[in-house]
Amino acid sequence: GAVVSQHPSWVICKSGTSVKIECRSLDFQATTMFWYRQFPKQSLMLMATSNEGSKATYEQGVEKDKFLINHASLTLSTLTVTSAHPEDSSFYICSASGGFNEKLFFGSGTQLSVL
Amino acid sequence: AQTVTQSQPEMSVQEAETVTLSCTYDTSESDYYLFWYKQPPSRQMILVIRQEAYKQQNATENRFSVNFQKAAKSFSLKISDSQLGDAAMYFCAYRLEYGNKLVFGAGTILRVKS
């Protein structure tokens, strides 16, 4: 099956710094990528949808200047958490849609801890 | 807007027994897709089963089957012969069409007792 690679798996950073998370589709062209946020024992909350070559569409309540999403190629999307604060600590998951039947595949997630 | 409701925060099942997880959804569309995902402690999202709304036949994948009731907007998951490895968080999800976002339910934690 198709593979989506998400990196890093976990990151610890100081408050005020920026963190970049990468999501790569390894064997198919991802026309659409989705970024989710998940708190412990809760559901996945969609943050934004990005299509290759166009600006991301953010869900209501998600700060676009805080969570920068770039989908510059059909195999790579990045989420940058700018000026991270402790309340941004969470598990972030990407998913990619594309290929045969436009199936959806998930990355393995990134645990962000902001000190 | 589409919504997905999972009314069972936690469920327990004895190993080798059968358990059913409930899911209801709300939509005004006639064509859509429904999914069950499993999230084990590793937190990797794993697709368990998929159902196309236009298909009347319930989907089945080995020990996993669904009871899809379109008129009632119900989509339950039955796990037969439960195994310790089935212990996980299970999410019901709705998708309007391929290329569109998934809408998730709140999830059900499944515990399997040996």
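The values are calculated or read from the model by the stated rules, or taken from the named source; none is laboratory data. All of these numbers come straight from a predicted model, not from anything done at the bench. Every residue, glycine among them, receives a Cβ derived from its backbone with ideal geometry; neighbour counts consider all protein chains shown.
Selection of strands (runs of 3 or more DSSP E) fully inside segment A:1-64 by the criterion of at least 1 residues being out of contact with any Asp or Glu (no Cβ under 9 Å at 6 or more places or on another chain) and either basic (Lys, Arg) or crowded, with 19+ Cβ neighbours inside 10 Å (or both) returns A:4-7, A:19-25, A:30-38, A:44-51. Among the criteria (1) surrounded by fewer than 18 Cβ atoms within 10 Å (Cβ to Cβ); (2) free of Cβ contacts under 8 Å to residues at least 40 places away in the same chain; (3) assigned to a strand (DSSP E or B), the one residue B:49 does not fulfil is (1). Of all residues in segment A:36-63, those that are on the phi > 0 side of the Ramachandran plot have Cβ atoms under 8 Å from Cβ atoms of residues that are modelled with pLDDT under 95, 6 or more apart or on another chain, in A:53/A:71; A:53/A:72. Can you find even one residue in segment B:79-89 that is assigned to a strand (DSSP E or B) and away from every other protein chain (no Cβ under 14 Å)? Yes - at least one qualifying residue is present in segment B:79-89.
Mind checking which residues of segment B:91-114 are within 21 Å of residue A:94 (Cβ to Cβ) and part of a strand (DSSP E or B)? Residues satisfying the conditions are B:91, B:92, B:93, B:94, B:95, B:102, B:103, B:104.
Selection over segment B:52-78 of residues that are buried (at least 16 other Cβ atoms within 10 Å of the Cβ) and within 14 Å of chain A (Cβ to nearest Cβ) gives a count of 0.
Residue under question is residue A:108, and the condition is that it be more than 10 Å from chain B (Cβ to nearest Cβ) and at pLDDT 95 or above; does it hold? The answer is no for residue A:108. The set of residues in segment A:37-80 being of a type in the set (Lys, Arg) and within 16 Å of residue A:95 (Cβ to Cβ) consists of A:37 alone. Looking across segment B:28-44, the residues that are in contact (Cβ under 8 Å) with a residue 40 or more places away in the chain, surrounded by 13 or more Cβ atoms within 10 Å (Cβ to Cβ) and either assigned to a loop (DSSP other than H, G, I, E, B) or of a type outside the set (Phe, Trp, Tyr) (or both) come down to B:32, B:34, B:38, B:39, B:40. Of the residues making up segment A:76-105, those that are farther than 20 Å from residue B:44 by Cα and either away from chain B (no Cβ under 14 Å) or touching a Lys or Arg at 6+ places or on another chain (Cβ under 7 Å) (or both) are A:80, A:81, A:82, A:83, A:84, A:85, A:86, A:87, A:88.
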